[in-house]
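Here is the structure we will look at, set down as structure tokens.
The values are calculated or read from the model by the stated rules, or taken from the named source; none is laboratory data. Fair warning: this is a prediction, and the values are worked out from it, not measured in the lab. Reconstructed Cβ throughout: ideal geometry from the backbone, glycine too, with neighbour counts over all protein chains shown. To get the accessible areas, we keep the full protein, side chains included, count just its heavy atoms, and leave off ligands, DNA and RNA. Shrake-Rupley method; radii C 1.70, N 1.55, O 1.52, S 1.80 Å.
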Amino acid sequence: MSVRFNYREVNPSALKAMLAFEQAVSSTGVDKVLFELIKIRTSQINGCAYCIDYHVKDLLKLGEPVERALMLSVWREMPTYSDREKAALELTEYVARISDSGVPEAVYERVREHFSEKEYIDLVISTGMYPGCF
């Protein structure tokens, strides 16, 4: 991938705001492993190889087995993800593609079986923070 521009130089205040937002989202209480899974899955959907590479490395630094990173694109078929993680990943996919159909009521209900209302909002914000590369 070629670099189109250096946003650190072109607009450092925007980068500073983005990093502050990242810090705010990461301090919501969403489990660190789940937060990385969300970032990886969102990056997969958005087709950002740089972001996938970056967040997979972060996931592995947390001590997660490499299989969990490798099999994330087929999470539905893998027993390595808990029901709670699967609910969050399903929500992630709908939020990442929000313009297609929104989040169906059935998905909302499945997610709410595992997450409080605040946690639901935290998951949505965690997903929405990663629109992909510039």
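Can you give me the angle between helix 32-46 and the longest principal axis of the chain, using Cα atoms only, in degrees from 0 to 90, rounded to the nearest 10? The two axes meet at around 70 degrees. With θ taken as phi - 60° and the Karplus curve 6.51 cos²θ - 1.76 cosθ + 1.60 applied, the whole-hertz 3J(HN,Hα) list for segment 106-117 is 5, 5, 4, 5, 4, 5, 5, 5, 10, 9, 5, 4 Hz, x standing for glycine and proline. Measuring against 24 Å, Cα to Cα, the residue pairs LYS32/LYS57; LYS61/LYS86; LYS61/LYS118; LYS16/LYS39 contain LYS61/LYS118 as the ones spanning a longer distance.
For the pair GLU105 and GLU77 in one chain, pulling the backbone fully straight at 0.36 nm per residue adds 7.8 nm over the alpha carbon distance. Using a cutoff of 8 angstrom between alpha carbon atoms and counting only pairs six or more residues apart, the relative contact order for the chain works out to 31 percent. Given DSSP loops and a limit of at most 15 other Cβ atoms within 10 Å, what is the longest stretch of the chain that contains no such trypsin sites (Lys or Arg not before Pro)? Result, exposed sites excluded: 5-96. The GluC sites (Glu not before Pro) of segment 38-124 that DSSP puts in a loop, and whose beta carbon has at most 13 other beta carbons within 10 Å, are GLU113.
Tell me the chymotrypsin sites (Phe, Trp or Tyr not before Pro) within segment 1-63 that lie in a loop according to DSSP and have at most 11 other beta-carbon atoms within 10 Å. Display every interim value, and only then the final one.
On the way: sites: PHE5, TYR7, PHE21, PHE35, TYR50, TYR54; in loops: PHE5.
Passing sites in segment 1-63 are PHE5.
Taking the Cα centre of the chain as reference, the dipole from Cβ charges on Lys and Arg (+1) and Asp and Glu (-1) amounts to some 440 debye.
Based on alpha carbons, the Rg and Dmax found for the chain are 15.0, 45 Å.
How tilted is helix 12-26 with respect to the longest principal axis of the chain? Cα atoms for both, answer in degrees (0 to 90, nearest 10). Once rounded, the angle reads 20 degrees. A 1.4 Å probe run over the chain, with the rest of the protein chains in place, finds 60 Å² accessible per residue. In the chain, the portion of solvent-accessible area held by carbon and sulfur atoms comes to 57 percent [1.4 Å probe, whole percent, DNA, RNA and ligands not counted].
Against the chain, whose longest principal axis is taken from its Cα atoms, helix 83-96 shows a tilt of about 50°.
Pairwise over distinct Cα atoms, reciprocal of the mean inverse distance: report the Kirkwood radius of segment 23-83 in Å, one decimal place. All intermediate terms of the calculation are to be shown ahead of the outcome.
On the way: mean 1/r = 0.0840 Å⁻¹.
Computed over segment 23-83, the radius equals 11.9 Å.
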